[in-house]
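Single-structure report; data block below.
What follows is calculated from the coordinates using simple rules that are stated; it is not laboratory data. Small disclaimer: the values here were computed from a predicted structure and weren't measured. Glycine gets a Cβ as well: all are built from the backbone with ideal geometry, and neighbour counts include every protein chain shown.
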Amino acid sequence: SPIASDISSAKWFNETIRSGPNGPCTTWRIVNHHDAVATLFPAMGDDPHYSYPDSLFAFAHLGTEIKMRRDGTKSIAENNYAPGSTKVCAVSGLPPEQVGKVPKAMEVPRWMIWAQYFPLAGWMFSHFPGLYMESLQAMQVGEMEWRRKHAMD
């Protein structure tokens with residue numbers, strides 16, 4: 001889910017879904033590296049210690065952000081609404097020998113993968129759907145690193 005809310009509405013949504021009648025739930029916001037659409041605006045409203053809730057920069061997200069990582073690096077799950085003891089794991093329905101491998105038909109040129117790491121231009125490249133799909137295929141399964149979200153993340 002994109003930045004879609006003010007602080008109080010996001011807090012209400014995230015707490016309501018976490019304590020629903022069917023047990024704790026969340027929504028997931030999958031982010032590819034520094035995708036401009038997902039990361040360009042400062043998400044200061046995600047930080048519970050942000051002092052200016054009426055600020056124009058108090059954008060807030062719904063759910064948990066998943067930052068995809070590859071090459072044996074744990075992906076990162078971030079939010080401020082779930083308990084710190086929460087475990088988040090990436091699972092796959094693929095056969096074990098295919099997990100973390102990108103099929104030939106989904107490969108993108110290596111230069112596009114590297115371009116994601118260049119300032120400014122990388123923001124645009126990271127939003128390319130082919131790179132999202134490639135990153136999902138290459139993402140590591142298993143437990144993710146859990147972090148609290150801060151204003152300037």
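Starting from 0.36 nm per residue, how many nanometres of slack lie between ASP6 and MET112 once their C-alpha separation is accounted for? Please report the intermediate quantities before stating the final value.
Working: separation 106, 0.36 × 106 = 38.16 nm, distance 3.44 nm.
Here the answer is 34.7 nm.
Residues with beta-carbon under 14 Å from that of SER92, excluding SER92: net charge, scoring Lys, Arg +1 and Asp, Glu -1?
Working: positive: ARG70, LYS101; negative: GLU97, GLU143.
Residues close to SER92 contribute a combined charge of 0.
If R0 is 30 Å, what FRET efficiency do you get for ILE17 and LEU120 from their C-beta distance, rounded to 0.05? Walk me through the numbers before you get to the answer.
Numbers: r = 35 Å, r/R0 = 1.17.
Computed FRET efficiency for ILE17 and LEU120 comes out at 0.30.
Sorted by average packing, counted as other Cβ atoms within 10 angstrom per residue and highest first, what order do 103-111, 131-139, 65-73 take? Don't skip to the answer; put the middle values down first.
Working: 103-111: 9.9, 131-139: 18.7, 65-73: 16.2.
Sorting 103-111, 131-139, 65-73 by mean packing, highest first, produces 131-139, 65-73, 103-111.
Can you tell me which aspartates and glutamates have their Cα less than 12 Å from the Cα of LYS11? Leave out same-chain residues fewer than eight positions away.
The reachable aspartates and glutamates, counting only those whose Cα sits under 12 Å from LYS11, are ASP46, ASP47.
What is the packing order of peptides 113-124, 90-101, taking the mean over residues of other C-beta atoms within 10 Å and listing the highest first? Intermediate results must be reported in sequence, preceding the final value.
Details: 113-124: 13.8, 90-101: 11.5.
Packing order, densest peptide first, comes out as 113-124, 90-101.
Let's test the formula: R0 of 25 Å, r as the Cβ-Cβ distance of LEU136 and THR86. What FRET efficiency results, to the nearest 0.05? Can you show the working numbers first?
Working: r = 22 Å, r/R0 = 0.88.
Once rounded, the FRET efficiency stands at 0.70.
Evaluate E = 1/(1 + (r/R0)^6) for GLU143 and GLU97, where r is the Cβ-Cβ distance and R0 equals 22 Å; express this FRET efficiency to the nearest 0.05. Present the calculation step by step, with values, prior to reporting the outcome.
Working: r = 21 Å, r/R0 = 0.95.
E(calc), rounded to 0.05, equals 0.55.
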